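I have a structure here, written as structure tokens, and I will follow up with some questions on it.
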Amino acid sequence: MYDGEIFNYKTSESLFEASAEYILRYCQKAVAEKGVFYLAISGGKTPDLLFAELIKEKDSLPLDKIQLFWVDERCVPPDSPESNYGRAKKGLLQNFLLPKSNIHRIKAEESDGELSYIEDLKKLVPLNKSGFPVFDLVVLGVGPDGHTASIFPEKLGLLPEDKVVLRVPPPEIVSPKLQRITLSLETINAAKKKIFIITGSEKAELLDKIKNGQGNHFPASKVTQAKWFVC
Ligand code: 6PG
């Protein structure tokens, strides 16, 4: 059953301002409490506008305390235009000057990329009792088919539930049709906080379906206790 919380904004500017502000405040709080902030970001277009807002706040962000990870990655080299890391590098990373040692990309171009990412996560992020890494915050998007991360509807219910990271085949409905490496739904749900950032009427309709129980086949509906920033 849907258990999220929705924040509606009239304009995309106010949506990205508010979500950047939320991340900034939560990051500052986590760092004040425990000296580190474990953040995982998604790919796609949406993070670009979020990064543009976060960059305005960069003097207030404790950059050296942020450990940055990815929710998912397409199986291409990091300099490919389809690479989620490559895309973030152009915006977030080159403008933020995050220490290199705090940036943990998924080496999805390597044949054992999912295994090395699991190793990194288990070494660098605190684990819960079931052995899943506990991120402070996971930032998610939603695709037109209701996917989130690289969990696609055609594979929902067919993926192993005991894995931290999965290698998944190319999506059948959306592009780019590339093999991906992704955090599992179980890892996403183990995070302390999960936020979705969605814009446009098509995505708002997906959220309506999730809310009224008609979207149970959407992977995004399986993320528990998420905050949805919507415009
Ligand atoms: C990816 C993603 C994916 C993305 C959604 C939304 O690598 O494709 O991580 O889950 O977040 O497809 O993408 P947009 O922000 O481009 O709409």
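Report, largest value first, the span of the C-alpha coordinates of the stretch 5-230 along each principal axis, in whole Å.
44, 42, 38
Further question: Under a plain spin-label model, where a point goes 7 Å from the Cα along Cα-to-Cβ, how far apart in nm are residue 162 and residue 205?
Simple spin-label model gives 4.1 nm for this pair.
Starting from the Cα of residue 29, draw a straight line to each of the lysines and keep only those under 21 Å, dropping any in the same chain fewer than 8 residues away.
Output for residue 29: 56, 58, 65, 192, 193, 194, 227.
Apply 1/(1 + (r/R0)^6) to the Cβ-Cβ distance of residue 122 and residue 95, taking R0 = 41 Å, and write down the FRET efficiency to the nearest 0.05.
It comes out at approximately 0.85.
In square angstrom, rounded to the nearest 10, how much accessible surface does residue 74 have for a 1.4 Å probe?
My reading of the accessible area for residue 74 is about 30 Å².
How big is the accessible area of residue 79 in square angstrom, nearest 10, if you roll a 1.4 angstrom probe over the protein chains?
130 Å²
Calculate, in nm to one decimal, what residue 7 and residue 63 gain on full extension: separation in residues at 0.36 nm each, minus their alpha carbon distance.
Here the segment from residue 7 to residue 63 would lengthen by 17.5 nm.
Find the relative contact order for the stretch 5-230 and round it to a whole percent, using C-alpha pairs within less than 8 Å whose residues are 6+ positions apart.
22 percent
While we're looking at this one, here's another question. So how do 75, 27 rank on accessible area, 1.4 Å probe, biggest first, that is with the largest at the start?
From most accessible down to least: 75, 27.
A further question on this structure: Applying 1/(1 + (r/R0)^6) with R0 = 30 Å to the Cβ-Cβ distance of residue 224 and residue 82, what FRET efficiency is obtained, to the nearest 0.05?
Once rounded, the FRET efficiency stands at 0.50.
Now a separate question. Apply the a/c threshold of 1.5 to the C-alpha gyration tensor of the stretch 169-231 and tell me whether it is rounded, prolate or oblate.
oblate
Using +1 at the Cβ of each Lys and Arg and -1 at the Cβ of each Asp and Glu in the stretch 5-230, identify which of 115, 31, 223 lies farthest towards the dipole's positive end.
31
Something else: What size of dipole, in debye to the nearest 20, comes out for the chain about its Cα centre when the only charges are +1 on Lys and Arg C-beta atoms and -1 on Asp and Glu C-beta atoms?
The calculation lands at about 360 debye.
The values are calculated or read from the model by the stated rules, or taken from the named source; none is laboratory data. None of these values were measured; they are calculated from a predicted model. Quick reminder, even Gly has a Cβ in these numbers, built from the backbone with ideal geometry, and neighbours come from all protein chains shown. Surface areas here come from the heavy atoms of the whole protein model, side chains and all, with no ligands, DNA or RNA. Shrake-Rupley method; radii C 1.70, N 1.55, O 1.52, S 1.80 Å.
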